[in-house]
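Structure record follows, encoded as structure tokens.
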Amino acid sequence: MWSWVAHRVTGVLIFFFLFVHVLDTALVRVSPEAYDDVVATYKTPIVALLEYGLVAAILFHALNGLRVIAVDFWSKGPRYQKQMLWSVVGIWIVLMAGAVYPVLGHAYRVLFGE
């Protein structure tokens, strides 16, 4: 049940990110200075945490989507869906642990120095 909810919530979050991304990118045509100001705000530690959340949402949504495809199109999929879900969660945790430094490294250096 919770994977169903998480899959839809991450899909909605990704949609809203894409919507905001299209809007802020379109801002460059209206006012390059305003665009530069917006992009400058993206270099803050708080936005780095939001980026990490975006990575988490995209990774979970993608991995769980592959699981849903396997359940739907593999004849033994429904039988193994619980094991596949825990595999997805395990792979997601490992990948998220690996993404900590690349995504949050800049925020750490800004907050605590080199």
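Could you check, for the range 69-76, whether at least one of its residues is open to solvent by less than 80 Å² (accessible area, probe 1.4 Å) and either at pLDDT below 90 or not aliphatic (A, V, I, L, M) (or both)?
no
Checking Asn64 against (1) of a type in the set (S, T, N, Q); (2) open to solvent by less than 90 Å² (accessible area, probe 1.4 Å); (3) not in a helix (DSSP H, G or I), which single condition isn't satisfied?
Answer for Asn64: the failing condition is (3).
Quick check on Leu27: is it free of Cβ contacts under 8 Å to residues at least 60 places away in the same chain, part of a helix (DSSP H, G or I) and over 30 Å from Met84 (Cβ atoms)?
Yes; evaluated as a whole, the condition is true for this residue.
Considering only residues that are within 11 Å of Leu54 (Cβ to Cβ) and either open to solvent by less than 50 Å² (accessible area, probe 1.4 Å) or without any contact (Cβ under 8 Å) to a residue 12 or more places away in the chain (or both), which ones fall in the range 9-24?
Thr10, Ile14, Phe16, Leu18, Val20, His21
When you scan the range 47-60, do you find a residue that is more than 30 Å from Arg109 (Cβ to Cβ), open to solvent by less than 80 Å² (accessible area, probe 1.4 Å) and either of a type in the set (Val, Ile, Thr) or in contact with a strand residue (DSSP E or B) (Cβ under 8 Å, 6 or more places away or on another chain) (or both), even just one?
Within the range 47-60, not a single residue is more than 30 Å from Arg109 (Cβ to Cβ), open to solvent by less than 80 Å² (accessible area, probe 1.4 Å) and either of a type in the set (Val, Ile, Thr) or in contact with a strand residue (DSSP E or B) (Cβ under 8 Å, 6 or more places away or on another chain) (or both).
The values are calculated or read from the model by the stated rules, or taken from the named source; none is laboratory data. Every value quoted in this text rests on a predicted model; they were computed, and no experiment measured them. Quick reminder, even Gly has a Cβ in these numbers, built from the backbone with ideal geometry, and neighbours come from all protein chains shown. Just the protein is used for accessible areas: all its heavy atoms, side chains included, with ligands, DNA and RNA removed. Shrake-Rupley method; radii C 1.70, N 1.55, O 1.52, S 1.80 Å.
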